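This report concerns only the one structure given below.
The values are calculated or read from the model by the stated rules, or taken from the named source; none is laboratory data. Note that the coordinates shown come from a computational prediction; the quantities given were computed from them, not determined experimentally. All Cβ positions, even for glycine, are placed from backbone atoms using ideal geometry, and neighbour counts span all protein chains on display. Accessible surface areas use protein heavy atoms only, side chains included; no ligands, DNA or RNA. Shrake-Rupley method; radii C 1.70, N 1.55, O 1.52, S 1.80 Å.
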Amino acid sequence: MELLGGLTIEEFLRDYWQKKPLVIRQALPDYQCPVSADELAGLACEDAVESRIIIENDNGRPWQLHNGPFQPDRFESLPTTHWTLLVQGLDHWVPEIADLLEQFRFIPNWRLDDIMASYAPQGGSVGPHYDQYDVFLLQAEGRRQWTFGGHCDHTSPRVDGTPLRILSAWDGEETVTLEPGDMLYLPPGVGHHGIAENDCITLSIGFRAPTVDDVLTGFTDFLCSQTDATAHYSDPDLKPQDNPGTISGGVIDQLSAMVTEAVSDRRQLAFWFGQYATAPKSHDIVQPSDDPLLPEVLTERLAEGESLRWNEGSRFAYYPLDGETALFVDGERYLLKGVAQPLAPMLCQSSVLDSAELAHLVSDPTLAELVTALHNQGSLYFE
C-alpha cells in the first residue's frame, strides 16, 4: 500500500501499529494542501471551530497557550517566528480534508478522532511532548523537522510555568525532515518534537481509544438509564452475627453478583458503545438539513445517479447481532432486521455512498424513510 510505504496493511498493523514509529516517504506523492495558512486563520476566528495558538516565548513565559476563537487582528500581533496555530477537527469543515480519511479506512471508523491542522512559520513548534493516542503526521506544505523516539508517560519531567505538557528532559532517538507528501506514524507514548524549517502546514490524523474511566462511567450511566436500576439490595435470609459492625463476605458476594449481572449484558454493552463511539464531537457540526426531503424525492435523486455522502462531522458504525444489525449514526441507534440489514455495512463502508446499491436498498419504503431521516437530520447530504 503506497500510503504505508509499500507495506501491506497486515504488515503495518502487525509490526508498527501501537508498537513503533514509521517514517513514510511520499505516502501521498505530490500532495497539495487544500487549505492555505490564511484560510486556517479565518477558521480560527469562527466560534464553532476549536483553535489554539502556542507561543514558545510569550514575553518571557515558556510555551503559552491561547484559545480561540480569535479576532482577525490577533494574527498581526504575533511574533515573526516560533509560534504555531492549531485548528482542530479540520475535516469537519473542509470536505477535501475529510476525503483524506478514506486513505485510513484500514483502521475502524470508531477509532478515528479527527484531523488537526498545524500551521507554523520558521521555528514554530508546540514543544517536545507525547500523545496518548496514535497519530499520522502528514506534511502538507513546507518542511518540518521531527525528532522522535523513547517512551514517555506521566512520570516524565515537564517544563514548569506552562499549561502544556512540555517535556523538559528528553532527547529523542531519530531526526528526520518531512517534505510535502511525507508522513510519520507515531504510536501512543512516543516522545516527539516537530520544528518548522519554513512556513509549513502539518495535518495530524489522530485516533482515539476509550479510557477505563470512559467505559465504566459511560456504560454504567447507560445501564441506569436503560434498565430498572431502582431495585434494592435484599436479604430475606439474614442471619444474626457476632458483631453488628461486620460486613460479611456474603454481602460482598451478593453485591458482586449484582454488579456482574448488570455489566455482563453484551447486547447492552454493544448498544452503549455504538452510541458512545459515534456521538459527534460537537452539536454544532451535525445540523438539520436546510433542504429536507420526502422519501420519494430522495429515491428519485438516487435513481438519477446523484451521490449521498456523510456530513464531514458525522460518525457511522454498525454491530451485527443474532438475526439483526444495530446501525449507529451520530450517537443514535437503529435496529435493522431481515432484508434491511445490508443497509448498515453499506452506509458505513465509505463516506461517499454507492448510489446504485443505495438506490436498490431504498426501494424498500421503510429503508427509504430511514435514509431520508438521516439526510434531514444532517448526517447525510447530496454532493
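With equal scatterers on the alpha carbons only and no solvent term, can you work out the Debye log10 of I(q)/I(0) for segment 300-383 at 0.12, 0.17, 0.18, 0.25 1/Å? With no solvent term, the Cα-only Debye profile gives -0.30, -0.62, -0.70, -1.41. One decimal place: the segment Asp153-His232 gains 24.2 nm when fully extended, by the rule 0.36 nm per residue minus the C-alpha distance. For segment 15-105, which whole-number percentage of the solvent-accessible area (1.4 Å probe, protein heavy atoms only) is attributable to carbon and sulfur atoms? Ligands and nucleic acids excluded, carbon and sulfur give 44 percent. For segment 263-278, just list the computed ³J(HN,Hα) in residue order, Karplus coefficients 6.51, -1.76 and 1.60, θ = phi - 60°, integers in Hz, with x standing in for Gly and Pro. Using θ = phi - 60°, the values come out as 8, 8, 7, 5, 5, 5, 4, 5, 5, 4, 5, x, 6, 4, 6, 9 Hz.
Residue ranges 215-221, 133-139 sort as 133-139, 215-221 when ordered by packing (mean number of other C-beta atoms within 10 Å per residue, highest first).
Shape of segment 1-142 from its Cα gyration tensor (a ≥ b ≥ c, root eigenvalues): rounded if a/c is under 1.5, otherwise prolate when a/b > b/c, or oblate? Before the final figure, lay out the partial values.
Numbers: a/c = 2.09, a/b = 1.70, b/c = 1.23.
Prolate shape, in that a/c is at least 1.5 and a/b is the bigger ratio.
The 3J(HN,Hα) values that the Karplus relation (6.51, -1.76, 1.60; θ = phi - 60°) gives for segment 134-149 are, in residue order, 6, 8, 9, 9, 9, 7, 9, 7, x, 10, 9, 8, 10, 10, 8, x Hz. Gly and Pro appear as x.
Candidate cross-link partners of Lys281 among the lysines, defined by an alpha-carbon separation under 28 Å and a same-chain spacing of 8 or more, comprise Lys19. Note that segment 89-207 presents 36 Å² accessible area per residue, ligands and nucleic acids not counted, probe 1.4 Å. In segment 1-42, whose amide N lies under 20 Å from the spot 7 Å out along Cα-to-Cβ of Ala209? List them in ranges. Inside the label zone: 9-23.
Each 5 Å bin, from zero up to the one with the longest distance, holds this percent of the alpha carbon pairs of segment 163-244: 3, 7, 12, 12, 11, 8, 7, 8, 6, 5, 6, 5, 4, 3, 2, 1. The stretch between Leu294 and Glu383, if pulled fully straight at 0.36 nm per residue, gains 30.3 nm over its current Cα-Cα span.
Quickly estimate the mean residue ellipticity at 222 nm for the chain, helices only: each DSSP H run with n ≥ 4 gives -39500 (n - 2.57), and the total goes over all residues, rounded to 500.
Working: 10 runs with 97 residues, N = 383.
Helix contribution divided over all residues of the chain: -7500 deg cm²/dmol.
Taking amide H as placed 1.01 Å from N in the peptide plane, Cys200 has its amide H under 5 Å from the amide H of Ala120, each at least 5 places away in sequence or on another chain.
One decimal place: the segment Asn57-His360 gains 103.1 nm when fully extended, by the rule 0.36 nm per residue minus the C-alpha distance.
Using the Kirkwood radius over Cα pairs, work out the Stokes-Einstein diffusion coefficient for segment 202-322 at 4 °C and 1.567 mPa s, in µm²/s as a whole number. Can you show the working numbers first?
Working: Rh = 19.7 Å.
Translational D for this selection: 66 µm²/s.
In terms of packing, defined here as the mean over residues of other Cβ atoms within 10 angstrom, the peptides 83-93, 287-297, 189-199 line up highest first as 83-93, 189-199, 287-297. With the simple model of a label 7 Å out from the Cα in the direction of the Cβ, Glu173 to Arg105 spans 3.4 nm.
Among the listed options (i) 40, 33, 20; (ii) 33, 27, 18; (iii) 38, 23, 20, the one matching semi-axes √(5λ) of the Cα gyration tensor in Å as calculated from these coordinates is (i).
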